[in-house]
Amino acid sequence: MTLPDGTLLIGMHHKTDTDASTQVIRSTDGGKTWSAPTLDVPAPFAVGVRIPDPDDSGDPIRNASLPLLAAQPGTQNVNAVWPSQEANGTFHVAYSRSADGGQTWSAPIRLDKTPTGSAAVPVVAASETGAVAVTY
């Protein structure tokens with residue numbers, strides 16, 4: 001995404017042989033160079049593969065793994081949502097906010113209120129007034 005000052009932000013899921021993380025990186029020179037991750041939270045290897053089959057039909061559901069970003073138009077306020085996973089294998093929706101164009105982020109919180117099972121495929125939008133909407 002592009003912020004009003006031209007800063008570019010990319011949300012990504014980074015995975016190595018030993019760990020995985022949800023990240024956001026920034027560029028202030030049109031994408032020629034990129035920052036170290038400004039949002040960098042542990043993510044399980046399973047994120048992005050498939051969530052448990054909710055109706056036991058044998059058709060697992062694909063879960064988006066990239067953090068999705070939405071900025072309040074005309075500001076440096078950026079919202080991020082992504083799938084997180086509990087130790088028991090259920091997926092939930094994580095949320096974090098930046099008020100400085102993605103330089104720093106609030107501590108992630110679990111946003112969904114799903115009492116049992118998984119919440120999947122989060123999407124975020126932000127309005128000019130600062131209202132934030134998240135679906136999953």
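Here are some notes:
- Enumeration of residues in the stretch 1-26 that are buried (at least 16 other Cβ atoms within 10 Å of the Cβ) and farther than 18 Å from VAL93 by Cα: LEU3, THR7, LEU8, LEU9, ILE10, ILE25, ARG26
- Some residue of the stretch 48-62 being modelled with pLDDT of 85 or more, assigned to a strand (DSSP E or B) and surrounded by 16 or more Cβ atoms within 10 Å (Cβ to Cβ): no
- Residue ranges of strands (runs of 3 or more DSSP E) in the stretch 67-125 with at least 1 members in contact (Cβ under 8 Å) with a residue 40 or more places away in the chain and touching a His at 6+ places or on another chain (Cβ under 6 Å): 78-85
- ALA133 in contact with a strand residue (DSSP E or B) (Cβ under 9 Å, 6 or more places away or on another chain), surrounded by 13 or more Cβ atoms within 10 Å (Cβ to Cβ), assigned to a strand (DSSP E or B) and not aromatic (Phe, Trp, Tyr): no
- Pair list, Cβ < 6 Å and 6+ apart or interchain, from the stretch 21-41 residues that are among the charged types (D, E, K, R) to residues that are surrounded by 18 or more Cβ atoms within 10 Å (Cβ to Cβ) and not in a loop (DSSP other than H, G, I, E, B): ARG26/LEU9; ASP40/GLN23
Residue-wise test of (1) closer than 23 Å to THR114 by Cα; (2) modelled with pLDDT of 95 or more; (3) of a type outside the set (Gly, Ala, Ser).
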residue	(1), (2), (3)
HIS14	no, no, yes
ARG26	no, yes, yes
ALA36	no, yes, no
PHE45	yes, no, yes
LEU68	yes, no, yes
GLY74	no, yes, no
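The values are calculated or read from the model by the stated rules, or taken from the named source; none is laboratory data. Worth saying up front: this structure is predicted, and the values here are computed from it rather than measured. A quick note on method: Cβ atoms are made from the backbone with ideal geometry, for glycine too, and the neighbour counts reach across all protein chains shown.
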